[in-house]
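K.L.:
Below: one structure in structure tokens.
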Amino acid sequence: MKQLAYTTPMRLACWLLIAPLAAQEASPAALAPARLRAHVEVLASVDFAGRGTGQREFARAANYVAQQMRALQLEPLGDSGTFLQAVPWTRVDGDPTACALVVTAGEQRVEIKPGEGFAGRVWFDQKAEGDLAFLSCPDPSAVVVDKTLVAGRVLFVELPGIDLDARFAALEGARAWAKFKDRLRDGGPAAVLFVDDARAQRLSGLEGTDAPGASAPAERASGRQPNELYVSRATRDQFLALAPVSLVGGAVSVSSARAHLAITLEATAAPAWNVVGRLRGGDPNKVDEHVVIGCHLDHLGTVNGVVHPGADDDGSGIAAVLALAETFAKAPTGPRRSLVFVAFCGEERGLLGSKHFVAHPPIPLASIAAELQLDMVGRSEENAHETAAQNANSLHLIGTEKLSKDLHALCVEQNRTVGKFDLEWDEEDVFFRSDHLNFAKRGVPIAFFFTGFHGDYHAPGDTADKLDYDKLSRVAGYVHAIAARLADDEARPLIDEALWRKNREKLLGPSMPAAPLRK
């Protein structure tokens, strides 16, 4: 709900190989805790780097889900016969053909293009030129910059023996890192580049910003942070070889070599897709009606260089949706109505993927009997007043009473016989915070399943090892029972006119709901 390491070829090949094979397991195992855990461990791994919409690793997550759907032989409902429905999103990164770091010394010249030896996070075009200077800084908290040696020069800064991610992680660390960079730039260097193998290799290029929409994000006239640039030690050593200097801890060493830095940004389409697949129903009279089972694919991604894995938010929901798709697809008897399984992008950026879905629906909104949303269903609520153990059997059932008494009654009934959770309705304020909202706004019956907030919400600690996979399995089994009834019952849930009138103004919905109305 609303550390990075690039994949080695071997690791990437492993999960690409495992994904389709796993989907061939017998369907009764699909909802088992071990099966769900396997999905979450992939989705919350460093290879997926928090699945931030618009960030490069989001594409890996989308392809993983699409691959699962393809292995189950679901019908693709995305663009051009694929499982991917593109949502307009734009990235602005350094143009690899127009960016370079060049160092010259006499007739000698070394040029480094963006890659594993020269990388960073960039927000604006930059041109810089100056003599080369080096600062070895074993204690960043005590550094004093000699402005007479730094001003107008291209400064390379190394923090020997310091893991930048560990030292400057989380909020307080990010503030300390920002203050350190400010002290360096107060000396008036033409440019600052940091020598750090991990970040130079991890970024693998000049990464910029992303934003929803088909045009480039607007550049702010003020308040922009400077470009943050990294080189590897091997790159630094190439420059030192042109004009050697001694690196003394805490002191600035000036080289006779000269550096030229050029950064030019370019805008491209960012990776932002809803992943959508359909299992067609078997009843000719019901096949054109649908039950939608949704989750959100994205999380926060990498924030200030720190990965937020999003194992519960919403790796748990993705795993459950994939397991439900497998269970229905492998069942000996198919559903009467069609089932649509969808992983939305952009939930963490304002429910934007689901907003696009309902604005450009691959199926008629009027055909949707209900939308079932799974978001954060892998742990138990934990706060200053309640422990996770106290909430081990609790489940928040959100939004069912707002539009359709039929759907609410079905969810309560199935809980008595299948779920057997202690259902709670004390989190209705989060009704507006997940993707079901965009369906409710159009008058589609919805049910939102949520096991509650905890201390790792939107934090780097939301990791796969902390999930309660037995509980996740139970939640998935409960939603399966509800979805099966929705898919097979003769009558579909109706929207109650009194409820629609009561809630339509808050939802800013149309005059009439998409679903049939009970007067």
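K.L.:
Can you give the FRET efficiency for Gln108 and Ala251, using 1/(1 + (r/R0)^6), R0 = 30 Å, r = Cβ-Cβ distance, to the nearest 0.05?
P.N.:
On the way: r = 25 Å, r/R0 = 0.84.
Taking R0 as 30 Å, the efficiency between Gln108 and Ala251 is 0.75.
K.L.:
Could you work out how much longer the chain between Thr97 and Ser215 gets when fully extended? Use 0.36 nm per residue separation minus the Cα distance between them, nm to one decimal.
P.N.:
Working: separation 118, 0.36 × 118 = 42.48 nm, distance 2.10 nm.
Full-extension gain reported as 40.4 nm.
K.L.:
Oh, and also: Between Ala71 and Ser204, how many nm apart are label points set 7 Å from Cα along the C-beta direction?
P.N.:
2.2 nm
K.L.:
Put a dot 7 Å past each Cα toward the Cβ at Lys502 and Thr417; how far apart are the dots in nm?
P.N.:
Result for the modelled spin labels: 2.7 nm.
K.L.:
P(r) of segment 390-519 in 5 Å steps, Cα pairs, percent per bin?
P.N.:
2, 10, 18, 20, 19, 14, 9, 5, 2, 0
K.L.:
Let me ask you something else. Can you give the net charge of the other residues whose Cβ lies under 12 Å from the Cβ of Gly173, counting K and R as +1 and D and E as -1? Before the final figure, lay out each step's value.
P.N.:
Details: positive: Arg167, Arg175, Lys179; negative: Asp163, Asp165, Glu172.
Surrounding charge for Gly173 is 0.
K.L.:
Rounded, prolate or oblate: which one fits segment 446-519, using the alpha carbon gyration tensor with axes a ≥ b ≥ c (rounded when a/c is under 1.5, else prolate when a/b beats b/c, else oblate)? Numbers along the way, then the final one.
P.N.:
Numbers: a/c = 4.30, a/b = 1.65, b/c = 2.60.
Oblate.
K.L.:
Using the Cβ atoms and a cut-off under 11 Å, what net charge is assigned to the surroundings of Val377, where Lys and Arg are +1 and Asp and Glu are -1? Please list the in-between numbers first.
P.N.:
Details: positive: Arg379, Lys471, Arg474; negative: Asp312, Asp313, Asp314, Asp375, Asp468.
That sum, taken over residues with Cβ under 11 Å, equals -2.
K.L.:
Expressed in nm to one decimal, what extension gain is obtained for the pair Thr333 and Phe124 from 0.36 nm per residue of sequence separation less their Cα-Cα distance? Working shown, then result.
P.N.:
Numbers: separation 209, 0.36 × 209 = 75.24 nm, distance 5.71 nm.
Roughly 69.5 nm would be gained on extension.
K.L.:
Answer with a single label: of (1) 208; (2) 156; (3) 197, which was calculated as volume of the Cα convex hull per residue in Å³ from the structure in view?
P.N.:
(2)
K.L.:
May I pose another question? Summing +1 for each Lys or Arg and -1 for each Asp or Glu, what net charge is found among the other residues whose Cβ lies under 13 Å from the Cβ of Asp182? Intermediate values should be presented prior to the final figure.
P.N.:
Values: positive: Arg175, Lys179, Lys181, Arg183, Arg185; negative: Asp186, Glu228.
Residues close to Asp182 contribute a combined charge of +3.
K.L.:
Also: How far apart, in nm, are the 7 Å Cα→Cβ label points at Tyr457 and Ile162?
P.N.:
Here the modelled spin labels are 3.4 nm apart.
K.L.:
Taking the solvent-accessible surface of protein heavy atoms with a 1.4 Å probe, what is the per residue accessible area of the chain in Å²?
P.N.:
The answer is 39 Å² per residue.
K.L.:
Assuming R0 = 41 Å, can you tell me the calculated FRET efficiency for the pair Glu386 and Gln238, based on Cβ-Cβ distance, to the nearest 0.05?
P.N.:
Values: r = 58 Å, r/R0 = 1.40.
After rounding, the FRET efficiency stands at 0.10.
K.L.:
Hey, with R₀ at 22 Å, roughly what FRET efficiency would Leu517 and Asp489 work out to, going by the Cβ-Cβ distance, to 0.05?
P.N.:
Details: r = 18 Å, r/R0 = 0.83.
The pair Leu517/Asp489 has a calculated efficiency of 0.75.
K.L.:
Now for a separate question. Quick check: at a probe of 1.4 Å, how many percent of the accessible area of the chain sits on carbon and sulfur atoms?
P.N.:
Values: 10840 of 20470 Å².
Here carbon and sulfur together make up 53 percent of the probe-accessible area.
K.L.:
I've got another one for you. Give me the Å³ per residue figure for the convex hull around the C-alpha atoms of segment 168-320.
P.N.:
Enclosed volume per residue, from the Cα hull, is 192 Å³.
The values are calculated or read from the model by the stated rules, or taken from the named source; none is laboratory data. Computed from a predicted model, the values in this text were never measured in an experiment. Note that each Cβ is placed from the backbone with ideal geometry, even for glycine, and that neighbours are counted across all protein chains shown. To get the accessible areas, we keep the full protein, side chains included, count just its heavy atoms, and leave off ligands, DNA and RNA. Shrake-Rupley method; radii C 1.70, N 1.55, O 1.52, S 1.80 Å.
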